[in-house]
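Following: one structure in structure tokens, then a few remarks.
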Amino acid sequence: MVMRGWPWLGLALALFAVLVGVLRGAAWLRDPHRLVWIGLPLYMLHQFEEHGIDLTGQRFAFQASLCHTIGHKGPIGTCAATEAFIFAVNVGSVWIAMTIAGMAGPKRATFTLAALGIPVVNAMAHIVPAVRTGTYN
């Protein structure tokens, strides 16, 4: 259940973060390293759309799409892109990395830049194929 429930947890955390940010006002945004604290909930919303319910209403569509992209021909359950792998990449690489970068503070700007690089690379992985093919990705 955790493997399929994490996008909903991310959605709840993202909405909570947005609410806290609104209640605190914009003054805390004057420090550029805090872009991570904006980027993380926005990325969590993207993850929900990508791994929970996409814009076409499909649930959990990403795994099948990824398996197709890497050339897997068998059943999804035999694909190397398992639910555990997708969970580890998204929660481990994104949530943890961006949280560490946010907590590291302005004295560790390289952490912030590295963490913000994650959504930039991901955006290119979606935008370039979508522009090239003209299809929802």
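The values are calculated or read from the model by the stated rules, or taken from the named source; none is laboratory data. Just so we're clear, the structure is a prediction, and the values are computed from it rather than from any experiment. Quick reminder, even Gly has a Cβ in these numbers, built from the backbone with ideal geometry, and neighbours come from all protein chains shown. Accessible surface is based on the protein model in full, side chains and every heavy atom, while ligands, DNA and RNA are left aside. Shrake-Rupley method; radii C 1.70, N 1.55, O 1.52, S 1.80 Å.
In terms of accessible area, using a 1.4 Å probe and ignoring ligands and nucleic acids, Y43, Y136 rank largest first as Y136, Y43.
Dividing the alpha-carbon radius of gyration of the range 59-137 by the rule-of-thumb value 2.2 N^0.38 Å gives 1.35.
Whole-Hz Karplus values for the range 84-98 come out as 5, 5, 4, 4, 4, 5, 6, 7, x, 6, 9, 4, 5, 4, 6 Hz, taken residue by residue from phi with 6.51 cos²θ - 1.76 cosθ + 1.60 and θ = phi - 60°; glycine and proline positions read x.
Whole-Hz Karplus values for the range 63-69 come out as 4, 5, 5, 5, 4, 5, 4 Hz, taken residue by residue from phi with 6.51 cos²θ - 1.76 cosθ + 1.60 and θ = phi - 60°; glycine and proline positions read x.
For the range 124-129, the Karplus equation 6.51 cos²θ - 1.76 cosθ + 1.60, evaluated at θ = phi - 60°, returns couplings of 5, 5, 9, 5, 4, x Hz by residue, with Gly and Pro reported as x. In angstrom, the C-alpha Rg and Dmax of the chain are 16.3, 52. Rolling a 1.4 Å probe over the heavy atoms of the protein chains gives the chain an accessible area of 62 Å² per residue. Rounded to 0.05, the FRET efficiency of the V20 and E49 pair, given R0 = 30 Å and the Cβ-Cβ distance, is 0.90. Each Lys or Arg adds one and each Asp or Glu subtracts one; over the other residues with Cβ under 11 Å from the Cβ of N90, this totals -2. Using Cβ point charges alone (K and R +1, D and E -1), the dipole size of the chain about the Cα centre works out to roughly 280 debye.
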